[in-house]
Amino acid sequence: MPKTKFWEPTYEDCLNLISRLPQVASYVYRRIFKDGKAIAADNTLDYAANFSHMLGFDDPKMLELMRLYITIHTDHEGGNVSAHTGHLVGSALSDPYLSFAAALNGLAGPLHGLANQEVLLWIKSVMEETGSNITTDQLKEYVWKTLKSGKVVPGYGHGVLRNTDPRYSCQREFALKYLPEDPLFQLVSKLYEVVPPILTELGKVKNPWPNVDAHSGVLLNHFGLTEARYYTVLFGVSRSIGIGSQLIWDRALGLPLERPKSVTMEWLENHCKKVAA
């Protein structure tokens, strides 16, 4: 097959991967957390709603949340760990299944796809320690205590963005519409008021604003998907669309094998001297 045709089987593989993942992922959820009985697909539903249905959630609001979740977690820039890993492995002409599997290993890290799980667990720990009626001043004290103990406030900051993550904003709009009285959402809202000024005062954070992970776990928890261990799998189903799209373009454009830059010890020494100066 000429290189100009490499994109064609990649396209078919990516379509198959993306289309089959909800059924595989929902089976994993039902097997581990529920009664083990798989729920048949409903082909009258769209992609995200059908995934929610196979998980066992048919509340119209949950279907709408899943549409939002799938959309905003598809991809946001190719430099994140999972998207870049998929591109890197794919550059060796590994097929989309191998590339996606590698990407998921990166997604499972606590600084990437596992972050929404970490945020939800942290928010629940705040609630357990302080109660649901925590005041703004009490929350400020709790955040400062967290930072002074050497820990971070999960869900805040981003490697690229320097403003509030728009994916956070659209989830907040959803929450204000459908679950304004939820205690965990109200705590998320208070954190939105409290954390950015504190991180700005701290002076060490380039972006003190919340990211996508600061909100998603609370929304899923509200509608009954409380098993935080599963959130990375949920993220992975969504991310397959972004990774698959990039792999097709990689093949269509004939992008080369990706290689990291190598440097000598002399280069490292000179670089350190320049920085020190």
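The values are calculated or read from the model by the stated rules, or taken from the named source; none is laboratory data. Everything quoted here is computed from the prediction, not taken from an experiment. Every residue, glycine as well, gets a Cβ built from its backbone with ideal geometry; the counts of neighbours run over all protein chains shown. Side chains are part of the model used for accessible areas, which takes the heavy atoms of the whole protein and leaves out ligands, DNA and RNA. Shrake-Rupley method; radii C 1.70, N 1.55, O 1.52, S 1.80 Å.
Computed over the stretch 115-223, the percent of Cα pairs more than 22 Å apart is 25. Rounded to the nearest 20 debye, the dipole magnitude of the stretch 1-141 is 380 debye, with +1 charges on Lys and Arg beta carbons, -1 on Asp and Glu beta carbons, and the Cα centre as origin. Over the chain, accessible surface divided per residue gives 54 Å², non-protein components excluded, 1.4 Å probe.
Net charge near residue 14: determine it from the other residues with C-beta under 12 Å of the C-beta of residue 14, scoring Lys and Arg +1 and Asp and Glu -1. Charge balance near residue 14 sits at -3.
Computed over all pairs of different Cα atoms, the Kirkwood value for the hydrodynamic radius of the stretch 1-63 is 13.2 Å.
Taking 0.36 nm per residue of separation and subtracting the Cα-Cα distance, what length does fully extending residue 145 through residue 101 add?
On the way: separation 44, 0.36 × 44 = 15.84 nm, distance 3.86 nm.
Contour length minus Cα-Cα distance gives 12.0 nm.
Rg to Rh for the stretch 155-277: what is it, with Cα atoms only and Rh by Kirkwood?
Values: Rg = 20.4 Å, Rh = 18.2 Å.
My calculation of the ratio gives 1.12.
Using alpha-carbon pairs under 8 Å, 6+ residues apart, how would you state the relative contact order of the chain in percent? The value is 29 percent. Our helix-only sum for the chain, with -39,500 (n - 2.57) per DSSP H run of n ≥ 4 divided by its residues, gives a mean residue ellipticity at 222 nm of -21000 deg cm²/dmol. For the chain, with all protein chains in place and a probe radius of 1.4 Å, 57% of the accessible heavy-atom surface sits on carbon or sulfur.
Comparing Cα centroids, the stretch 96-156 and the stretch 177-193 end up 16 angstrom apart.
To the nearest 20 debye, what charge dipole does the chain have about its Cα centre, counting +1 at the Cβ of each Lys and Arg and -1 at the Cβ of each Asp and Glu?
Working: 28 positive and 29 negative charges, 124 e Å.
Dipole magnitude for the chain comes out near 600 debye.
Each Lys and Arg contributes +1 and each Asp and Glu -1, all at the Cβ; summed about the Cα centre of the stretch 198-277, the dipole is approximately 180 debye.
Placing unit charges on the Cβ atoms of the charged side chains and taking the dipole of the chain about its Cα centre, the candidate lying farthest along the positive direction among 18, 109, 135 is 109.
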